[in-house]
Amino acid sequence: MSLCDIESEQISSNDIPLGLLMANHDVVVIGSGAGGAMSAHILCAAGLNVLMLEAGREYDPVAETPMFQTPADAPLRGAPTPDKDKGFYWAVVDGGYTVTDIPYTQGGEVDFKWFRTRMLGGRTNHWGRWTPRFGPYDFKGKSRDGLGEDWPVSYEDMARWYDDTETLVGVYGANTELENHPPSAPGVLHAPPAPRVYELFVKAACEELGLPIIPARRAVLTRPIDERNACFYATDCMRGCSIGAAFQTTTSLIPWARRTGRLTVQTRAQVTNLKLDKSGRPVGVRYIDLSNGQEQIVISRVVVLAASACETARILLNSRDEGSPNGAANSSGQVGKNLLDNPQSQAVTAYFPKLDGRPNYNEFGAGNAHLYAPWGGHDAQARGELDFPRGYQFMFWGGRQTPEMGLAGVADTVDGYGAPLRAAIKQRYGSMIKFVGQGEMLPSSQCYADLDPERRDRWGMPALRFHWKWANSDIAMANHMRKTMDKIIDRLGGSRVSELREGEAFLTEPGTCIHEVGTARMGPDPRQSVVNEYGQAWDAPNLFLMDGSVFPSSPCKNPTLTIMALAMRNSRYLASEIKAGRL
Ligand SMILES: Cc1cc2nc3c(=O)[nH]c(=O)nc-3n(C[C@H](O)[C@H](O)[C@H](O)COP(=O)(O)OP(=O)(O)OC[C@H]3O[C@@H](n4cnc5c(N)ncnc54)[C@H](O)[C@@H]3O)c2cc1C
Ligand code: SF4
C-alpha cells in the first residue's frame, strides 16, 4: 500500500485536522537528537524518504556557537542565568531544566529534574561526549544477581554495532583489559589525548589504592575524518564544536542525511500524539506548528519516535484513542514505568597544596576529561563485601583551563584583599580538583512518569508528572562513593572545599545526571515490556522507539553511545522490513 492510499477515515480520532499532510515519505522520525538523527541517517542511506519532525528551531552549529568568547564577554562571567541554567555559553537554544510553555510536575517524595533541549540536534549540541560501551554484565544484570531485568540483546549482539557507531561518530579512548569494559575492534578508536598533570596526580593515588583508572572514551576526533577536523584542544565542548571534532548531529548525521536529498526536516513541529487506527497502529502524527500555532496531521506508514525517553513516554501516553485507552503501545501498562537515571553524587571539590604554584604543562585538552575511574568492584561484590548491587564510576576535573573550571573553589580557600589575595589566587590556580560519582540504580515501582490529570502545556497537552523515591541501595552506593573520594583526597594530602552532605542528600536530585532512560523498556515478553529487541512496539509493528526509553537498566556508564548503536542496528532492521514489504 502506498502512503497516499491511506485514507483519512482510517484515523479513528474525532479530531478534525486543520492540515492533513500527505507528503512523499516512507517514515516519520520524531526528534533530531542522538537517536532520531542516527535513525534518519541510516534510513536515508538505505534509500528511504524520511520526514523529521523536530520541536526546536533550526540551528547553525558554525555561525551560532560561542566557542571563542571569553568569560568577560558574558553576564556573570559565564555563570548560569535563569534562562541558561547550565551556563551562559552552553549550546542550548531553548531548554535546560525549564522549557518555555512546557511544564512538568511532581507526584512523588523526591522531585525529578527534567533537562530538555529544544533545538535541531537536541542535547547532542552540548552533551559531554562521554561514550563508554556497556559490557557483557550490563546487558545481563538479572542473570548475574537476580535483580532488575536483563536486556533482550547481549553484548555479543551489540559488539559490531558499537564498532560501527564508534567508527561513524569518532571516539577517542583506549582498549583495556578491565573486566566488563570490552575492547573496540582494532583501528576503531582515535588515540586518546595525553593525561594532564592533575589527572596523573589522581591516577597515582588510584593506583596506590588499587582502583582502576583508564583513558576516558569520548566522541571527539583526534584525527580528521572527511570534512570534520581533529580537536585543537582549546575550547569548551559544551558550547558546541563548529569544526565537527566533538560529535553532534548538527555537524554530522543531519547534514549527511540531508545530502542524500531524501530527508525533509520540519522544525518547530511540536508533536502531541500519534493518530491510531482501530488496531492501535499509528497512521499519522499530530503536531503543532509552533510558527503559527496551527495543528497539523501528517500521514505516515511507519513512525520512529525519538523525542528523548520522557517525552517519548508523554507522547505515547497522550495517544489515547478508542481502541487504545491507555495510550499507544501500552497494552502492557509499562509506558512511563521503570524510569531510571544514574544516581549522581554531589560534586566534591578539594584543594591540593602539592599542586600549588607548579609550572604550566599541557593544561589544555579536549574540553573534558582524558582519564576517569571506572567501576572495578566486581570481586568485592562477589565476596559479599558491598551493601549495594551493581557499581559506579567517578569522573574528576581540574587543571588550568578556563577560569570557570580552574578557579572553581579557589575563592573559598583564600582570604584577604588586594595584591596578597591576587597572589594567593594565582598560587592556587590549578590546585583544585572536583570529583563526581555516577552509579547504576535498579528499576523501581516508585520511579515513573505519568500524565498530570490537571496541568497542561500551552497547547493543551497534559504535562508529564514525575514520581521518585531513592532506594536504600542507592543511598548505600552514595556512601561508598563518598568513602572512595575521601580515600583519594586523603592520599593526596588534599582538603575538602565543598561542604559535604550526608546519606541521601549526598546524591543530587534525580534527573540531574541527565541520563534518564527507561519508560518504555524492551524485553522478550509483550506483557512486561513495550517493545521488542528492535525497538518495535509489540502492539504496533509500524512504530519504533529509538531513544533511551527502551533501556531495561541504567548501567553506570553514560548511555548515549548505546542509544546510537541501538538506533543504528534497529534502523537497519526497519529498512530491511520496509524493503521486504513487511511494513
Ligand atoms: C549537559 C549534558 C551533558 C551530557 N553528557 C553526556 C555524556 O557525556 N554522555 C552521554 O552518554 N550522555 C550525555 N548526556 C545525555 C545525552 O545528551 C542524551 O542521552 C542524548 O542526547 C539522548 O538522545 P535523544 O535522541 O534521546 O534525545 P535528545 O538529544 O534530547 O533529542 C530529542 C529531540 O527531540 C525533540 N523533541 C522533544 N520533544 C518533541 C516533541 N514533542 N515533538 C518533536 N520533537 C521533540 C527535541 O527538541 C530534541 O531535539 C548529556 C546531557 C546533557 C544535557
Ligand atoms: S575542545 Fe576540541 S572537540 Fe571540544 S569544542 Fe574545542 S575543538 Fe571541539
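The values are calculated or read from the model by the stated rules, or taken from the named source; none is laboratory data. Note that this is a predicted model, so its numbers are computed, not measured. All Cβ positions, even for glycine, are placed from backbone atoms using ideal geometry, and neighbour counts span all protein chains on display.
For this structure, a couple of remarks:
Okay, residues lined up against (1) away from ligand 1 (no atom under 16 Å from the Cβ); (2) surrounded by fewer than 18 Cβ atoms within 10 Å (Cβ to Cβ); (3) in a helix (DSSP H, G or I):
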residue: 194; (1), (2), (3): yes, yes, no
residue: 198; (1), (2), (3): yes, no, yes
residue: 201; (1), (2), (3): yes, no, yes
residue: 205; (1), (2), (3): yes, no, yes
residue: 208; (1), (2), (3): yes, yes, yes
residue: 222; (1), (2), (3): yes, no, no
residue: 232; (1), (2), (3): yes, yes, no
residue: 238; (1), (2), (3): no, no, yes
residue: 241; (1), (2), (3): no, no, no
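- A Cβ distance below 7 Å, combined with a sequence gap of six or more or placement on separate chains, defines the contacts here; from segment 169-187, residues that are under 20 Å from residue 249 (Cα atoms) reach residues that are surrounded by fewer than 16 Cβ atoms within 10 Å (Cβ to Cβ) in the pairs 172/191.
- One residue from 129, 123, 116 being charged (D, E, K, R), farther than 30 Å from residue 450 by Cβ, under 14 Å from the mean Cα position of the chain (by Cα) and within 12 Å of ligand 1 (Cβ to nearest atom): 129
A quick yes/no check of all residues on (1) on the phi > 0 side of the Ramachandran plot; (2) basic (Lys, Arg); (3) in a loop (DSSP other than H, G, I, E, B):
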residue	(1), (2), (3)
150	no, no, yes
163	no, no, no
167	no, no, no
187	yes, no, yes
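- Residue that is part of a strand (DSSP E or B), more than 6 Å from ligand 1 (Cβ to nearest atom) and surrounded by fewer than 19 Cβ atoms within 10 Å (Cβ to Cβ), where the choices are 105, 100: 105
- Within segment 387-399, at least one residue is within 18 Å of residue 481 (Cβ to Cβ), out of contact with any Lys or Arg (no Cβ under 7 Å at 6 or more places or on another chain), surrounded by fewer than 20 Cβ atoms within 10 Å (Cβ to Cβ) and of a type in the set (D, E, K, R).
- Residue 473 being more than 30 Å from residue 307 (Cα to Cα), surrounded by 20 or more Cβ atoms within 10 Å (Cβ to Cβ), touching a residue at least 24 places away in the same chain (Cβ under 8 Å) and not basic (Lys, Arg): yes
- Residue count, segment 121-145 (criterion: assigned to a loop (DSSP other than H, G, I, E, B) and touching a Pro at 6+ places or on another chain (Cβ under 9 Å)): 5
- Residue list for segment 340-367, filter: buried (at least 20 other Cβ atoms within 10 Å of the Cβ), part of a loop (DSSP other than H, G, I, E, B) and within 16 Å of ligand 1 (Cβ to nearest atom): 341, 342, 343, 366, 367
- Flag not set for residue 323, criterion: out of contact with any strand residue (DSSP E or B) (no Cβ under 6 Å at 6 or more places or on another chain), without any contact (Cβ under 8 Å) to a residue 40 or more places away in the chain, away from ligand 1 (no atom under 12 Å from the Cβ) and of a type in the set (Gly, Ala, Ser).
- The criterion of at least 2 residues that are within 17 Å of residue 335 (Cα to Cα) and out of contact with any Cys (no Cβ under 6 Å at 6 or more places or on another chain) is met, among strands (runs of 3 or more DSSP E) falling completely within segment 417-473, by 448-456, 462-467.
- Within segment 254-271, restricting attention to residues that are in a helix (DSSP H, G or I), farther than 11 Å from residue 120 by Cβ and within 22 Å of the chain's Cα centre (by Cα), the residue that is farthest from ligand 1 (Cβ to nearest atom) is 256.
- Residue in segment 245-252 that is within 16 Å of ligand 2 (Cβ to nearest atom), assigned to a helix (DSSP H, G or I), modelled with pLDDT of 95 or more and within 28 Å of residue 103 (Cβ to Cβ) present: yes
- Enumeration of residues in segment 105-116 that are under 17 Å from residue 341 (Cα atoms) and not small (Gly, Ala, Ser): 106, 109, 110, 111, 112, 113, 114, 115, 116
- Residue within segment 210-217 that is at pLDDT 95 or above and over 30 Å from residue 160 (Cβ atoms) present: yes
- When 170, 141, 148, 135 are screened for being surrounded by 18 or more Cβ atoms within 10 Å (Cβ to Cβ) and over 24 Å from residue 530 (Cα atoms), only 170 passes.
- Pairs are defined by a Cβ separation below 7 Å, a sequence spacing of at least 6 or placement on different chains, a first member in segment 534-552 that is more than 10 Å from ligand 1 (Cβ to nearest atom), and a second member that is of a type in the set (Val, Ile, Thr) and part of a loop (DSSP other than H, G, I, E, B); the pairs so defined are 537/530; 538/530.
- Answer residue from segment 344-389, given it is touching a Cys at 6+ places or on another chain (Cβ under 7 Å) and among the polar types (S, T, N, Q) and is modelled with the highest pLDDT among those: 344
- Scanning segment 281-311 for residues that are among the acidic types (Asp, Glu) and either more than 12 Å from ligand 1 (Cβ to nearest atom) or farther than 24 Å from residue 516 by Cβ (or both) yields 289, 295.
- The criterion of being out of contact with any Gly (no Cβ under 8 Å at 6 or more places or on another chain) and either hydrophobic (A, V, I, L, M, F, W, C) or at pLDDT 90 or above (or both) holds for residue 72.
- Scoring residue 432 on the criteria (1) under 24 Å from residue 491 (Cβ atoms); (2) buried (at least 20 other Cβ atoms within 10 Å of the Cβ); (3) modelled with pLDDT of 95 or more leaves a single failure, condition (3).
- Residues in segment 46-83 that are surrounded by 17 or more Cβ atoms within 10 Å (Cβ to Cβ), assigned to a loop (DSSP other than H, G, I, E, B) and more than 16 Å from ligand 2 (Cβ to nearest atom): 46, 48, 49, 54, 55, 56, 74.
- Annotation: of all residues in segment 18-45 being farther than 30 Å from residue 516 by Cα and surrounded by fewer than 18 Cβ atoms within 10 Å (Cβ to Cβ), the one that is modelled with the lowest pLDDT is 18.
- Per-region count, segment 209-219, residues under 20 Å from residue 235 (Cα atoms) and in contact with a helix residue (DSSP H, G or I) (Cβ under 7 Å, 6 or more places away or on another chain): 1
- Residue 379, sole failed condition from (1) more than 16 Å from ligand 1 (Cβ to nearest atom); (2) assigned to a helix (DSSP H, G or I); (3) closer than 30 Å to residue 44 by Cα: (3)
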